[in-house]
Structures are given as C-alpha cells and as structure tokens.
Amino acid sequence: MRQRVDIKESKTAQMIGLLILGGVLGLGLALEAGKLGSRDMYLWGSIIGSLALVSIIMLRYDEFMAGLLVAVHLYIDWYLALYVVALGMALILLLSFYLLRSVRHPWVEPRAIWLWGLLLLLTLVPAIQGATNFYDATYYYPNLIVGALVIFWIGAVTARNGVALRRLCCVITAIGALVALHTIIQEVTGTFLLASSHYDTVLNNVSNYQIAGSDAHRVGSFFVDPNWDGTFLAMMLCLELGLFVECQSFAGKVCYLAEIALTVPAVLFTLSTGALIGTFAGVIVFFLFVGQAVYRIVLPLLAVAVIMALFILLPSHLLLQAQHASGPEEVMLRVGAWSTALRVIAAFPLTGVGLGLYTYLATSERYRVPAQTIPLAHPHNSYLELAAMAGIPVLLVFVCLVACGLWYAWRNWLGADIRTRSLIGAGMAAVIALSVNSFSINGWTLPPLAATGWLILGAIASPLLKKTSLRTTGE
C-alpha cells in the first residue's frame, strides 16, 4: 500500500515538474521574444506559459502556484520591471481558490480581516496623493497594500494542513536556493546570469556597490541591492532550518543541508550588516520555537560549525563585512535618513506626504538634516517610511497586522504536532528576520520581500491549521 502511495506521489511530482518547466520555458520564451521584438515568439511563448499555469491551477497544485508567485514578484515584476504581473496572477489564483473550493480544499477568510479593511481605507488618500507617476502608482497601493492582503489571503488558503505548509515551504526555499546559487555565481565569476539592462544606470550611480577603500563589490542577484538580497536569503535560511528539522528522511535532510550550505555564504557575499542581524534574530526565534528538544543541542553545534567553516574558507569576506559595517559614512547616512524621516513625520503625523518615492524625495528636502548628505527617496526604514508617507495611524495598523499574524501563528504552534511546530516556528523566524531587517532597510516596503513575508505569515497564521490540529487531537 505504501509503495502505491510512493508511486502515485512520484508521478504527481513528475507531472508538476513538467508543468512548471513548461510554464517557465513559455514565459521565458515570451520575455526573450519581447526583447527581440518577435511577435510570433511572444504569442506562442505567452500561450505555452499561460496554458501550463492554468493547468497547475486547475489540477489544484496550490502550494506550487503560491510559491511561484515569489519568483514572479522577484524576477518578472521587480528585476524586469513589469510591476503588476504577480498581482494579476495572485488575484486570478485567489479567485480560483474560491470557485474551486471543496471539502478537501476549503475556503477561509484571513485573520483580522477588519484590520486589513482599515489599512485599505487609511492608505487610499496617501496613495492618490503620492501617485505622481506610473512607477509610484503601481509600486505602493497595488503591490504593498492590496497585494499584501491578496498574498496573505493566498497563504491562509494554501496552508490547509501541515503537509500543505511543508510543500509551500519547499517551493519557496527551492526558489531561495536558486537565488543563493545565483548570488554565489555572481560573486565568484562576476557573471550575472539572466541579466537585464534595466538597472545598469542604478548600478553605475552606486559604483556597482563597491566597498569604500577596496576593489571588492557587493552582490545583490536579482534584487540588485545587496541589502535586499541579504534580507531575502536570511528569511530563506530560517525556512530551510525548519524543513531540515521537520524532515524525517536522511536524503531529505541532506537536501536541506545543501540549501543551507548555499544560503549561508550567499548571505555573507551580500556584505549586508542588517541581513546578518536579521539572520541572528531569526535563528534565535527558531531556536525558541524549534519544537523538538534534541535540536536545541544540534542547532548550536551546527551554528558553531558554520562559523568555523566561514573563518577557514572565507576570512577575506569576514574582514570586508567588518570593514563595511564599521564604515562611518554608511552609519552616518543611515542615522541622517532616519532623522530626516522623523522630522517629516512630525510635520505630517496623520496623513504623511503621500505614498510615493518621488513625493517623499521632493518633500523631505525641506526637512533634511546635515547627516543625510544626499537626497533619498525613502528613509531606509520600512516603519519610518510608512509613517512619513502615509501617517502614524497607517504604521500602527501595519504593526498590528504583523503582530496579529504572529500571535495567531503562535496559537497554531501551540496546537500543532511536533513536526508542524518546526515549520510554524521557522515561518515565525523568517517574519522576525524580515521585521528586524526593516529597521535598517525598506524590507516590508519592497514588493518582492513584502510578498514573501506576507505569504509566509498568512500560511503559518492560517485558521485551517488550527482546525486541523483540533481534529487531530480530537478536541
């Protein structure tokens, strides 16, 4: 009987792999055709990709489709600058979840739906005020407000039980491993695979993120900015640790260890101090919520082994990390950006200056402190950014939404079995890593990072996990 189940799961995995491969090849063909100006290639590529994605939705491979949104947000919307493709896919996916709901695939509303409604309402006026150009109009309200609710909702519906949560984490970490590998290749070879010229001007303006006083450059993969890349990889490391602990097979543990082995040096290659701090914060939270007592011994030993390996294999990068973290100009600019944002918040405490990078750039110049030596379009702090652009009430609602999500995730953790506890704890750790990082960068206010965070938070806070645990315990 077990052999039949294994064969069935193997065939299912093969079918999923073929569908995803077809979708990726089709979308890739369409994107390449767009660059070359070939209408026929673009048409056929779009048809192949669309049919494959529709097939995945109709066959109810929910976790794979939900996880795929992370890749679309990162590469297509962010790196290729198409902005709203992932939002369109997410809306279609959420609608399909509702229309195809069943006993096996139940429909559920997200937690604290009234808070989401309040966020949509409070940000409407700042969004209109800040939408002075197409970029700002698509950046904030569609992606970071409406998109956050939709992605959070998808996470809640997708995580219908512990098995579905594990599959979703597997898809997300597989994408994370590819980003880590891409980061390592960029660092080691200097080659940027699947490159686009969209951000060439940005990279030139920042000297390709060269470390002051050296010839070394920081790498950011498809995020472009190394700080964003480091934040994403810190979140992935937390999920990979959760999957490693949850997995019971030797081959599976080796696979997740391989992902961890890719992610750790990739985080270091970004030379992001905030990412390292976020990583430590996430690992500590995961240690507290690991769910299995034996791993309270294993994890510190693993951490010591990783640190020793880094000192032996990558001592130069550790020195560069220390040099970058202690750079006075970097610290002064961050403090100056925060001080300017606080002055803007004091001047516009209720409504902010408008949800837009250009609006903030223009308005904040009147309040810029001397420590902020250059004009900035955002204060390099997601919480100050929300308060300065949309007002303190919006910031409070946002913090309440994240806190409520973590609270309900903790409630799910209390009622879950040992294996599922590891996954929920890993999700909480990933969200904490993003939240801590957002004090030094715009983590929660960058679309690909925010989408990943809300998807994870929605999944671990899903009411369906609570119902499943109650049925399991017979309550």
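The values are calculated or read from the model by the stated rules, or taken from the named source; none is laboratory data. Since this is a predicted model, take the numbers as computed values, not measurements. All Cβ positions, glycine included, derive from the backbone under ideal geometry; neighbour counts span all protein chains shown. Remember, those area values only see protein heavy atoms, side chains included, never the ligands or the DNA or RNA. Shrake-Rupley method; radii C 1.70, N 1.55, O 1.52, S 1.80 Å.
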| Exposure rank, largest accessible area first [444, 107, 153; 1.4 Å] | 107, 153, 444
| message | Accessible area per residue for the range 176-237 in Å², computed with a 1.4 Å probe and the full protein assembly in place, what is it? | response | 44 Å²
| request: Grab the alpha carbons of the range 402-445, take their convex hull, and tell me the volume per residue in Å³. | output: 53 Å³
| Can you give the net charge of the other residues whose Cβ lies under 13 Å from the Cβ of residue 354, counting K and R as +1 and D and E as -1? | -2
| query | Of the heavy-atom accessible surface of the range 190-232 (probe 1.4 angstrom), what whole percent is carbon and sulfur? | reply | 51 percent
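Just check the range 241-367 against the gyration tensor rule for me: Cα atoms, a ≥ b ≥ c as the square roots of the eigenvalues, rounded for a/c under 1.5, and otherwise prolate or oblate depending on whether a/b exceeds b/c.
Judged from the Cα gyration tensor, the range 241-367 comes out prolate (a/c at least 1.5, a/b above b/c).
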| query | Of all accessible surface on the range 235-283 at a 1.4 Å probe, what whole percent is carbon and sulfur? | reply | 83 percent
| said: I need the peptides 226-234, 159-167 ranked by packing, meaning the mean over residues of other C-beta atoms within 10 angstrom, with the highest value on top. | reply: 226-234, 159-167
| task | Provide the FRET efficiency to the nearest 0.05 for the residue 288-residue 99 pair, computing r from the beta carbons and using R0 = 45 Å. | result | 0.65
| query | Around residue 175, with a cut-off of 15 angstrom between Cβ atoms, what is the net charge of the other residues, counting Lys and Arg +1 and Asp and Glu -1? | reply | -4
| task | Starting from the Kirkwood radius over alpha-carbon pairs of the range 66-134, derive D by Stokes-Einstein at 20 °C in a medium of 1.002 mPa s and give it in µm² s⁻¹. | result | 147 µm²/s
| request: First select every other residue whose beta carbon is under 10 angstrom from the beta carbon of residue 269; then total the charges, Lys and Arg +1, Asp and Glu -1. | output: -1
| task | Multiply the residue separation of residue 204 and residue 332 by 0.36 nm, subtract the distance between their alpha-carbon atoms, and state the gained length in nm to one decimal. | result | 43.8 nm
| task | For residue 217, list long-range residues whose amide hydrogen, built 1.01 Å from N in the peptide plane, is under 5 Å from its own amide hydrogen. | result | 211
